[in-house]
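Here the structure comes first, spelled out in structure tokens, and everything after it is commentary.
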Amino acid sequence: MLIKNKRNLRIRTGALALSALMALTGCGAAVGGAAALSGEARETAADASDGVQESSAASGSGDVSGGTEQAGETRVIIDQVGNEVELPAQVNRIVIASAWPLASVYCLFDGSVEKLVGVDPAIISAAENSMLVNVAPEIVNVESGFSQNGVINAEELLKLDPDVVLYATGVPEDYEICSQAGIPAVGFSLSIKDYNAVETINSWVELLGEVLGEDLTNEEFIRYGQDMQAMVAERLQGVKEEDKPKAMFIHGYDASTVNVPAADSWGDYWITASGGINVGAQAGSGTPTVGAEQIYEWNPDRIFIDNFNDALPEDIYSNTLANFDWSSISAVQNQQVIKTPLGMYRWYVTCSDSALMLLWMAKQNQPELFADIDMNQTVKDFYQQFYGVTLTDADVEYIFTPKREAAGGI
């Protein structure tokens, strides 16, 4: 891999990626449709109170530029669970705990790992097996011993002397531990935008900027994601239900069951937004555990395996996953078992590559409608445009075929 320019997302300029995207749509309608689609994103996540975004936007936005505060002064921001968090005027020591995807976002938008004094081990395992290690190689050396199996050790955390801990709102235990230790903790919600990954990443960048005390907004990056959403939605208009493949994700497994994302999950968002039907939604919400008989009944046409478990398609083809006999399932018979890519982070959840994940999913579920799009070239253009990284064919293949060791915790 050749890194031609390690400038971060805040200062990347030009319109190469946007122009390429518009050329794929064949018209300029995507730009007009993007604003409407973005405006339809609702903020009704179960783990975030109403009005969080309005409060966050109003939380002293005049202070985010920084540079005027005196040493010892503090400021207050509102996180994505609605908590008021008092931070020092200058945040110089940051720990990223359960908000695993945030580490890659932080490295790319801040442009350095200098202020990171601690990250969860799952972040390092993802970085070591992703493109992020080529952009921010120092991240693998950041201290991670404060967390074991996703549980923070308060004593070890205090040794890092952090100014703030960034955590996922779905892991309230992190907040409780930090509060008891007297450490400010800022919650980032995975479901703040109803699992719309493109809009979620934009909200994270806004909140991260408030934490750092600076504006990290990159309008070109935001516009690219919104235009991608509009283009995909436009092409899927008019697709009949009977023409949508039945699909499911596997999020985890044991000897006799698998965890299948149902309604209100990343899996449900990706499948439905890309022209498929999430059969797992019939099992309720969240990520329930199901057995072989249920999957036989669903008989999915596509099976996607996310990046948070070590399963690979060959495990299903060879009937070695969860002691199931997968051979009668349509997805297996038609060789439609697919591992989710891993770029700057695991694509299954929100990350800076989320616009690419949406397009990739659309090509899987509606290949004829997106046959004109060269996914390999699109990824190369995106990485050049926004990360200043020139990918080789081998790099792109690496993104699309994650290894077992890249898996993280469930």
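The values are calculated or read from the model by the stated rules, or taken from the named source; none is laboratory data. Since this is a predicted model, take the numbers as computed values, not measurements. Every residue, glycine as well, gets a Cβ built from its backbone with ideal geometry; the counts of neighbours run over all protein chains shown. Keep in mind that these areas ignore ligands, DNA and RNA; they rest on the heavy atoms of the full protein, side chains included. Shrake-Rupley method; radii C 1.70, N 1.55, O 1.52, S 1.80 Å.
Summary of values
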quantity	calculated
Pick from segment 146-164, criterion of a type in the set (A, V, I, L, M, F, W, C) and in a helix (DSSP H, G or I), ranking: farthest from K115 (Cα to Cα)	A154
Subset of segment 113-146 (residues that are in contact with a Ser or Thr (Cβ under 8 Å, 6 or more places away or on another chain), touching a residue at least 40 places away in the same chain (Cβ under 8 Å) and open to solvent by 10 Å² or more (accessible area, probe 1.4 Å))	none
Which numbered condition S327 misses (of (1) part of a helix (DSSP H, G or I); (2) modelled with pLDDT of 95 or more)	(1)
Hits in segment 245-274 (condition: open to solvent by 50 Å² or more (accessible area, probe 1.4 Å) and either farther than 16 Å from T289 by Cα or not charged (D, E, K, R) (or both))	K246, Y253, A255, S256, T272
Residue match in segment 229-250 (condition: in a helix (DSSP H, G or I), within 18 Å of the chain's Cα centre (by Cα) and not β-branched (V, I, T))	yes
Long-range neighbours under 8 Å by Cβ, at least six apart or interchain, first residue polar (S, T, N, Q) within segment 300-311, second not in a loop (DSSP other than H, G, I, E, B)	N307/A126; N307/K339; N307/L342; N307/R346; N307/A406; N309/I250; N309/G252; N309/Y253
Every residue from segment 291-315 that is of a type in the set (A, V, I, L, M, F, W, C) and under 25 Å from the mean Cα position of the chain (by Cα)	I303, F304, I305, F308, A311, L312
Count of segment 113-145 residues which are assigned to a loop (DSSP other than H, G, I, E, B), polar (S, T, N, Q) and at pLDDT below 95	2
Residue list for segment 356-369, restricted to those being open to solvent by less than 10 Å² (accessible area, probe 1.4 Å) and more than 18 Å from D393 (Cβ to Cβ)	M357, L358, L359, M361, A362, N365
Evaluation of G182 against (1) within 28 Å of I399 (Cα to Cα); (2) out of contact with any Cys (no Cβ under 9 Å at 6 or more places or on another chain); (3) not acidic (D, E) (one fails), failing number	(1)
Among (1) part of a loop (DSSP other than H, G, I, E, B); (2) among the β-branched types (V, I, T); (3) surrounded by fewer than 21 Cβ atoms within 10 Å (Cβ to Cβ); (4) touching a helix residue (DSSP H, G or I) at 6+ places or on another chain (Cβ under 7 Å), the one test that I338 misses	(1)
Conditions (1) closer than 24 Å to S352 by Cα; (2) modelled with pLDDT of 95 or more; number of the one not met by V85	(1)
Selection status of T390, of a type in the set (V, I, T) and more than 30 Å from D194 (Cα to Cα)	yes
Candidate set: segment 175-206, residues that are among the charged types (D, E, K, R) and in a helix (DSSP H, G or I); chosen: the one surrounded by the fewest Cβ atoms within 10 Å (Cβ to Cβ)	E176
Residue among S112, S125, S104 that is farther than 18 Å from D306 by Cβ, out of contact with any strand residue (DSSP E or B) (no Cβ under 6 Å at 6 or more places or on another chain) and among the polar types (S, T, N, Q)	S112
Criterion violated by D372 - all others in (1) part of a loop (DSSP other than H, G, I, E, B); (2) open to solvent by less than 10 Å² (accessible area, probe 1.4 Å); (3) more than 21 Å from E128 (Cα to Cα) satisfied	(2)
Scope segment 87-112; condition among the hydrophobic types (A, V, I, L, M, F, W, C), surrounded by fewer than 24 Cβ atoms within 10 Å (Cβ to Cβ) and in a loop (DSSP other than H, G, I, E, B); matching residues	A89, V91
Unmet requirement for T378, which otherwise passes all of (1) closer than 18 Å to Q229 by Cβ; (2) open to solvent by 20 Å² or more (accessible area, probe 1.4 Å); (3) within 19 Å of the chain's Cα centre (by Cα); (4) not aromatic (F, W, Y)	(2)
Checklist (1) at pLDDT 95 or above; (2) touching an Asp or Glu at 6+ places or on another chain (Cβ under 9 Å) applied to I192, failing item	(1)
Filter result for G280 (in contact with a strand residue (DSSP E or B) (Cβ under 7 Å, 6 or more places away or on another chain), open to solvent by less than 10 Å² (accessible area, probe 1.4 Å) and touching a residue at least 12 places away in the same chain (Cβ under 8 Å))	yes
Residues that are in contact (Cβ under 8 Å) with a residue 40 or more places away in the chain and closer than 10 Å to S98 by Cβ, drawn from segment 173-184	D174, Y175
Residue match in segment 388-406 (condition: of a type in the set (A, V, I, L, M, F, W, C), open to solvent by less than 40 Å² (accessible area, probe 1.4 Å), touching a Lys or Arg at 6+ places or on another chain (Cβ under 6 Å) and more than 24 Å from N309 (Cα to Cα))	yes
